[in-house]
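Participant: Quick one: the structure is below, and I'll ask about it shortly.
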Amino acid sequence: MCIRPVHLGSWFLTSLLGSLVIESGSVSAQDVLRVYGPEGPYPALREAAELYGHRNHVAMEVVGKPIRKWIDQAKGDADLICSSAEFMMTDLILAMEDHIDETSVTPLYWRPSSILVRPGTPKHIHDFPDLLRPGVKVMVVNGSGQTGLWEDMAGRQGNFRTVRALRNNIVLFARDSTEARRMWLARKDVDVWLTWNIWYKADCRLSDLVPVSEDYVIYRQCSIALTQLGKEKSSAREFVDFLKTPEAAAVFAKWGWIATAEDSLARAARTVIRVVYDVQEDDWEFHVGKGLARIRDLVADYKSLGIPQSEVNITVVFHGGAAYWMLRDEVYTAFTRREGPNPNKTLIHDLVEWGVSIELCAQTMKQYEWKRADILPEVKIVPGVCPRIVELERQGYVYMKP
């Protein structure tokens, strides 16, 4: 579900005789419950605060900005501090210099790491391994609740080459999510924003969301804690209790957070289908290459079963006698000495649009003296069929031949 765009910053709610008034000077300082936190939890926290404040006639001020912009002010007037990761809460306890009651830290809700891509997925990115392809430009956040996120994801399988390949593709390191959003708008050449799913929920007009499979996904949770000032206020303690209720959980779930044990179990149970096809033989069926026809049938089967595209990763590596199926029309005509365009072209395009990775062995290209310009633009070039298949099998792909 797409949520309305959120403008990060501060939000002030005053509940006065049952009506909502947004103005900063309507109540005295001691009557205001002030909550500070980073950008990530802000939309959900703001909405939950609105519900609590309206119902209990409590004035709420919620600030959601990069920590460096509010940390000094929070030392003087914060009642509650929110974090977007457990390591961040630890850092905040140290930075706030004993202003936070460490015993009051309350974990709340989780969110999964996700991939944001340009609308329409022009680079055909469907899961984390696609970020490792040469030429994919990735932006990460090196701060806030995302410190080390990209490295944790890349290291899930214990493969140094995965970490190295992703590092080579990172072109921007943002300090925080606000800066990352600004860079995403300014740098249209960036293909991927590696972040949390909640940033898609904050404004889905800016990107498409690509879920990350369980082999690479990372979860981190938001927490809230009372300050020494806040623990003296019954309204602050009650707000923490409210954040643990089903009503507040529903608000956080709307913004992409995992709010219940059932949500966590459902996601953990989801498995991603990974198949790599080895196509070498020049066999035909119904006027197209038989290997391509088999992949088309496989995709149709998954669709009929209701399995979403995001949970199916199919890679097809072509070499040997079937390699010429990947040629552009004019090169195909010259190579086969047949009139007419390449009959496989439309099917290749359709499969790639659905998310199938169509790949061609560079060694076969070298054998036939083909260049990149001779190959259909949707086709990816891999150094060799054997190392490519072995690499995918290490990632959990099942090897098959049509």
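The values are calculated or read from the model by the stated rules, or taken from the named source; none is laboratory data. Fair warning: this is a prediction, and the values are worked out from it, not measured in the lab. Note: ideal-geometry Cβ built from the backbone for every residue, glycine included; neighbour counts use all protein chains shown. Ligands, DNA and RNA are stripped out before the accessible areas are found, and what is left, the full protein with its side chains, is counted by its heavy atoms. Shrake-Rupley method; radii C 1.70, N 1.55, O 1.52, S 1.80 Å.
Participant: Please work out how much length the chain gains when fully extended from Tyr219 to Arg68, using 0.36 nm per residue of separation minus the C-alpha to C-alpha distance, in nm with one decimal.
Facilitator: Gain on extension, Tyr219 to Arg68, equals 52.0 nm.
Participant: In deg cm²/dmol, rounded to 500, what helix-only [θ] at 222 nm does the chain give when every DSSP H run of at least 4 residues adds -39500 (n - 2.57) and the total is split over its residues?
Facilitator: -10000 deg cm²/dmol
Participant: Further question on the same structure: Pairs Lys75/Lys231; Lys69/Lys231; Lys137/Lys380: which exceed 18 Å Cα-Cα?
Facilitator: Lys69/Lys231
Participant: Something else: For Arg111, Arg175, give the ranking by accessible area with the largest first, probe 1.4 Å.
Facilitator: The ranking, largest first, comes out as Arg175, Arg111.
Participant: Ok, one more. Could you tell me how far the Cα centroid of the range 278-316 sits from the Cα centroid of the range 196-247, in Å?
Facilitator: 40 Å
Participant: Right, something else. Counting pairs of Cα atoms in the range 287-386, how many percent are more than 19 Å apart?
Facilitator: 42 percent
Participant: Rounded, prolate or oblate, given the Cα gyration tensor of the range 130-192, with a/c below 1.5 counting as rounded?
Facilitator: oblate
Participant: Let me ask another. Evaluate the distance, in nm, between pseudo-label points positioned 7 Å from the Cα of Glu102 and of Asp350 along their respective Cα→Cβ axes.
Facilitator: Going by the 7 Å Cα→Cβ label model, 6.3 nm.
Participant: Now a separate question. Give, rounded to the nearest 20 debye, the magnitude of the charge dipole that the range 293-402 has about its Cα centre when Lys and Arg contribute +1 at Cβ and Asp and Glu contribute -1 at Cβ.
Facilitator: The dipole magnitude comes to about 260 debye.
Participant: What whole-number value in Å² describes the accessible area per residue of the chain for a 1.4 Å probe?
Facilitator: For the chain, the per-residue accessible area is 45 Å².
Participant: Can you give the relative contact order of the chain as a percent, counting alpha carbon pairs under 8 Å and 6+ residues apart?
Facilitator: Over the chain, the number comes to 17 percent.
Participant: Another question about this same structure. Might you report the magnitude of the Cβ-based charge dipole of the chain about its Cα centre, with Lys and Arg at +1 and Asp and Glu at -1, to the nearest 20 debye?
Facilitator: That gives a dipole near 900 debye.
Participant: In whole Å and largest first, what semi-axes does the C-alpha gyration tensor of the range 180-321 yield when each eigenvalue is scaled by 5 and square-rooted?
Facilitator: 46, 19, 12
Participant: Okay, next question. What does the charge count near Asp31 come to, summing +1 for each Lys or Arg and -1 for each Asp or Glu among other residues with Cβ under 12 Å from its Cβ?
Facilitator: 0
Participant: Straight-line reach from Lys65: which aspartates and glutamates have a Cα under 15 Å away, not including same-chain ones fewer than 8 places off?
Facilitator: Within the straight-line cut-off, Lys65 pairs with Glu39, Asp176, Glu179.
Participant: Among Met89, Asn168, Tyr332, whose Cα sits farthest toward the positive end of the charge dipole of the chain (+1 at Cβ of Lys/Arg, -1 at Cβ of Asp/Glu, about the Cα centre)?
Facilitator: Tyr332
Participant: Above 29 angstrom, tally the Cα pairs of the chain and express them as a % of all pairs, no decimals.
Facilitator: Beyond 29 Å sits 52 percent of the P(r) for the chain.
Participant: Apply the Karplus parameterisation 6.51 cos²θ - 1.76 cosθ + 1.60, with θ equal to phi minus 60°, to every residue of the range 104-120 and state each ³J(HN,Hα) to the nearest whole Hz, in sequence, with x for glycine and proline.
Facilitator: Coupling constants for the range 104-120: 8, 4, 10, x, 10, 10, 9, 9, x, 5, 8, 10, 9, 10, 5, x, x Hz.
Participant: Measuring from label point to label point, each 7 Å out along Cα→Cβ, what is the Glu369 to Asn168 span in nm?
Facilitator: 2.9 nm
Participant: Extending each Cα 7 Å along its Cβ direction at Lys244 and Val398, get the distance between those two points in nm, one decimal.
Facilitator: Output for this residue pair reads 4.4 nm.
Participant: Okay, next question. Go ahead and collect, in residue order, the members of the range 38-71 whose backbone nitrogen is under 14 Å from a label point 7 Å along the Cα-Cβ direction of Arg182.
Facilitator: The answer is 65-69.
Participant: For Arg175, project a label point 7 Å along Cα to C-beta. Then give me every residue of the range 131-149 with its amide nitrogen under 13 Å of that point.
Facilitator: The answer is 142-144.
Participant: Further, regarding this structure: Add +1 for every Lys or Arg and -1 for every Asp or Glu among the other residues with Cβ under 9 Å from the Cβ of Leu351, and state the total.
Facilitator: -2
Participant: Determine the percent antiparallel among the DSSP beta bridges restricted to the chain, to the nearest 5.
Facilitator: 50 percent
Participant: With all protein chains present, how much of the accessible area of the chain (probe radius 1.4 Å) comes from carbon and sulfur, to the nearest whole percent?
Facilitator: 53 percent
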